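To start, the structure itself, in structure tokens.
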Amino acid sequence: YSNTNYVLAGMVTEKVTGRDWRQAITDRVVRPLDLRETSLPHTSPFLPTPHARGYDRFVVEGSNPPRLGRRVDVTLMNPSIGGGADGSINSTAEDGNKFLRALLGGKVLKPALLAEMKKTVPAPGIGEYGLGLMKLTGSCGAYWGHGGSLPGNSTANGVTGDGERSVMVSLNTLTPYHPGAEPPSEDPLKPLIDHALCGRE
């Protein structure tokens, strides 16, 4: 997995289809799955309303030892910074869940292509990486997902192998740690995702 590969995938898509990669994704994924709250805004920094606001804190330039500055609203940003990679699609947790369930449920790709996505290599400290999918282990077995973050916002998710059960969590990435401090040894959202996928009602 590499964001650079997604930039290249966007370029290849444009070369093969003769269309902007955003249009190809809209025609082949967004519309067929009826992802009504998903958009590919190109360079527009504005989000459809209603939306959450994103906040972050940054290291004060020249501070020694390094210290974090005040909270900054980073909601408005040019999402094209990621090219065909992360950050170039606006969506909601509901649409994200719908996409994950459709992907793992076999409604997006032919079985052979989905099988290719699920071929993994070890990713120490994370789990296993496939082609755009991470294989993780919960209390009831393996599940799939792929979270991500940009300044101000982060998502974590999981979906069962059959696409029947899924969860997506969106949160603010306001940095709670001091510069140089060790981050938590385990993702604090993992228990929440595990409960959603493995918990009993």
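The values are calculated or read from the model by the stated rules, or taken from the named source; none is laboratory data. Every value quoted in this text rests on a predicted model; they were computed, and no experiment measured them. Cβ atoms come from the backbone with ideal geometry, glycine included; neighbour counts cover every protein chain shown. In case anyone asks, the SASA skips ligands and DNA or RNA and just uses the protein heavy atoms, side chains included. Shrake-Rupley method; radii C 1.70, N 1.55, O 1.52, S 1.80 Å.
For the subset of the range 35-54 comprising residues that are touching a Lys or Arg at 6+ places or on another chain (Cβ under 7 Å) and under 21 Å from residue 151 (Cα atoms), which member is most open to solvent (accessible area, probe 1.4 Å)? The qualifying residue most open to solvent (accessible area, probe 1.4 Å) is 42. Flag set for residue 105, criterion: over 17 Å from residue 25 (Cβ atoms), surrounded by 14 or more Cβ atoms within 10 Å (Cβ to Cβ) and not charged (D, E, K, R). Within the range 72-93, being β-branched (Val, Ile, Thr), more than 13 Å from the chain's Cα centre (by Cα) and modelled with pLDDT of 80 or more holds for 72, 74, 75. Restricting the range 13-34 to residues that are over 15 Å from residue 89 (Cβ atoms) and assigned to a helix (DSSP H, G or I), the residue that is most open to solvent (accessible area, probe 1.4 Å) is 15. Among the residues in the range 137-153, are any hydrophobic (A, V, I, L, M, F, W, C), assigned to a helix (DSSP H, G or I) and surrounded by 14 or more Cβ atoms within 10 Å (Cβ to Cβ)? No, because not a single residue in the range 137-153 is hydrophobic (A, V, I, L, M, F, W, C), assigned to a helix (DSSP H, G or I) and surrounded by 14 or more Cβ atoms within 10 Å (Cβ to Cβ).
Looking across the range 156-201 at every residue that is open to solvent by 40 Å² or more (accessible area, probe 1.4 Å) and part of a helix (DSSP H, G or I), the one that is modelled with the highest pLDDT is identified as 195. For the condition loosely packed, with under 11 Cβ neighbours inside 10 Å and within 21 Å of residue 149 (Cβ to Cβ), residue 57 does not qualify. Among (1) in contact (Cβ under 8 Å) with a residue 24 or more places away in the chain; (2) open to solvent by less than 30 Å² (accessible area, probe 1.4 Å), there is one condition residue 91 misses while meeting the rest; what is its number? Status for residue 91: all satisfied but (2).
The set of residues from the range 104-143 being within 14 Å of residue 166 (Cβ to Cβ) and touching a helix residue (DSSP H, G or I) at 6+ places or on another chain (Cβ under 6 Å) comprises 108, 133, 138, 140, 143. Against the test of being exposed (fewer than 13 other Cβ atoms within 10 Å of the Cβ) and at pLDDT 85 or above, the options 96, 62, 69 yield a single qualifying residue, 62. For the range 124-136, filtering for residues that are modelled with pLDDT of 90 or more and either at positive phi or part of a strand (DSSP E or B) (or both) leaves 5.
Between 120, 75, the distinction of being touching a residue at least 12 places away in the same chain (Cβ under 8 Å), over 14 Å from residue 157 (Cα atoms), of a type outside the set (Gly, Ala, Ser) and open to solvent by less than 20 Å² (accessible area, probe 1.4 Å) belongs to 75 only.
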